[in-house]
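Novice: Can you keep this structure in mind? I'll have questions shortly.
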Amino acid sequence: MSRSLGRVGGGFELLRSPRRATRGEIGYAGGRKAAQSAAVSEVEIAQIQEALIARMSDVTVAVAASIRADIPFYGASDRVSDEFLAESVRDNLTYMVDALTAPSFDTAPAAATGRSRAELGVPLAAVMHAYRIGVHRMWQEVMAIAEEQPGLSKQSLLAAAQHMWEAQDQFVDAMAGAHRDRTTEQALDDAAERAALAEYLLQGRIPSDQSLWEIATLLRLPTTGPYLAVAAATTEVGKQPLPGIVDRLRAIDVYSAWRLLPDQQIGVVHAPTVAVRTAVIDLLRRIATARVGVSAPFSELRDTPHGLNFARRELVGPGTGVSVFDGSVLGTAAIAAPETTVDLARAVLRKLHALPAEDRDPLFATFRAWVAHDGNVKDASAELFVHPNTVRHRLRRIEQLTDRSINAPREVAELCLAFEVDARVRLQIDAPRDGTA
C-alpha cells in the first residue's frame, strides 16, 4: 500500500492513499452499464419498429410504384396485378419490420413470393431487384425516423440497420431458392408434357380431346409449313445423338419438337424456306454424332408420320453423316418397298459388287454423275475430273457387267432404280460363284 506524509497540528501523521477498485468491481460496473445500454437499445428499436409499422401503408404504395417504374418487366407486363403486387410488398416488408425485434427471421413469405413469381413467369433478376427497392426504401424511412427523433442512439440505429440487412440477405436467399426450385419443376413438367405431345404428333396419334392445332400451339410449332422430319440413330441408349438440338435450332430462329427413343432421336422441324432448310441441314451435319436421316419437305403437320417414315429409311443407307431424302419418284420407289427393290438391285448390281473397291467405286461414281447431269457425258466428266472418253468407257463397262443398256429406256430405268437403292440401303451381295466380273 502506498503511503504519504502529512503535517497535522505541527506533527506528522501517516496518511493512506484512496483505494483502487478491483477487477471484479470494474467488470460488474461495466456489465451493468452494457445491460442498461442494451435495454435502452431494445426500447429504441421497438420505437423504430412502431414508427415503421405506422408508415407501412404509405411505404407499400411507394415501393409498389417504384417497382413498376424502375423494373421493365413489371412496367411492361400485366402478369402481376397491382393488388397482388401491393399485397406481396406489404407482407414482405411487414415481416422484415417484425424481424427487428424477433429472435429469428421467418422467410416463409419470401419463399412464397419466389414460387408465385416463378409460376407467373417473372424473371428471378426482376424479383431480386424488387426486393432491393423495398429494403432501400425501408432504410430511408429509418433515416427519416432518426431525424424526427434525434434522441435515438447511434447504437440503436446501427442495430436496426444490421437487422434489416441480415433480413434482406435471408429473405433474398429464400426467395431465390424457391424461385429456382419452382422454375426447375416447371421446366421438368413442361419437358415431360412436350415429349408426350411430340410423340403423339410424330406417331400420328392425336388425343381425342385435343386438335392438331392445339398440339402445335403447345409445342410452339407454327401451324403452316413446310416442315422436315428428322431421325438420328443413337450410339448409346439414353444419350442424344443430336445434343442440345432444340436450343441450337432456336438460335437460328427455327422451331422444332423432339422425342428421344432407345434407338433414335426423332423430331419435326419448321423449315418454311430453302434458306432455312439449308441452315438446318448444315447444323445437323455439324452436331450429329451418328447417321441422320432427313425427309423431303412436307406442307401439312398431319403428314409428320409419313415424313418420319422416309427420314427413318435414310438411316439404313451406307456410311455416316446426314442423308436427305429428295422426294423423287426414284427415291420413293427405292425405299417404299425395300424387300422388292433390294432384290432387284442385287440382281442388277451383283457383278459390280464383286469387283475390288478400286475398280467398283469409279464405276458407281461415274453412273451417278451421268444421271445427275441428265446423261450429259461432258458435264459428268467435268464433275469427275476425267476425260469424256473415260466416262464413256466406264458406262460401257457398266452395261457389260449388268447386262443392261443405257440406251434402252426400260433397262436404264432398272439401272437408275438399282443404283438409287444401293445409295440408300446397305446391300449384302455375295460374289458370283463363277467369279465372273
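Novice: Is it the case, given these coordinates, that VAL230 is within 21 Å of the chain's Cα centre (by Cα), of a type in the set (A, V, I, L, M, F, W, C) and in a strand (DSSP E or B)?
Specialist: yes
Novice: Looking only at the stretch 46-83, how many residues end up being touching a residue at least 60 places away in the same chain (Cβ under 8 Å) and open to solvent by 60 Å² or more (accessible area, probe 1.4 Å)?
Specialist: Number satisfying all stated conditions: 2.
Novice: Which is open to solvent by 70 Å² or more (accessible area, probe 1.4 Å) and either closer than 24 Å to ILE71 by Cβ or in contact (Cβ under 8 Å) with a residue 12 or more places away in the chain (or both), of GLN162, GLN149, GLN155?
Specialist: GLN155
Novice: Identify, please: which residue in the stretch 422-433 is under 18 Å from GLY321 (Cα atoms) and open to solvent by less than 50 Å² (accessible area, probe 1.4 Å) and is, among those, modelled with the highest pLDDT?
Specialist: ASP422
Novice: Name the residue that is modelled with the highest pLDDT, counting only residues in the stretch 343-359 that are within 17 Å of GLU399 (Cβ to Cβ) and not in a helix (DSSP H, G or I).
Specialist: Per the stated criteria, the residue is LEU355.
Novice: Additional query: Does THR402 count as assigned by the TED database to the domain that holds LEU417, of a type in the set (Ser, Thr, Tyr) and buried (at least 17 other Cβ atoms within 10 Å of the Cβ)?
Specialist: Judged against the criteria, THR402 is a match.
Novice: Report, by residue number, each residue of the stretch 175-194 that is at pLDDT below 80 and in contact with a Lys or Arg (Cβ under 6 Å, 6 or more places away or on another chain).
Specialist: Within the stretch 175-194, just ARG182 meets the criteria.
Novice: Looking only at the stretch 370-383, count every residue that is in a helix (DSSP H, G or I) and either more than 18 Å from PHE419 (Cβ to Cβ) or open to solvent by less than 40 Å² (accessible area, probe 1.4 Å) (or both) and tell me the total.
Specialist: 6
Novice: GLY307 fails exactly one of the following numbered conditions: (1) open to solvent by less than 30 Å² (accessible area, probe 1.4 Å); (2) without any contact (Cβ under 8 Å) to a residue 60 or more places away in the chain; (3) more than 13 Å from GLY321 (Cβ to Cβ); (4) out of contact with any helix residue (DSSP H, G or I) (no Cβ under 8 Å at 6 or more places or on another chain). What is the number of that condition?
Specialist: All conditions pass for GLY307, except number (2).
The values are calculated or read from the model by the stated rules, or taken from the named source; none is laboratory data. As the structure is a computational prediction, the values presented were derived from the model and not from experiment. Glycine also receives a Cβ, built like all others from the backbone with ideal geometry; neighbour counts cover every protein chain displayed. What goes into the accessible areas is simple: the full protein's heavy atoms, side chains included, and nothing from ligands, DNA or RNA. Shrake-Rupley method; radii C 1.70, N 1.55, O 1.52, S 1.80 Å.
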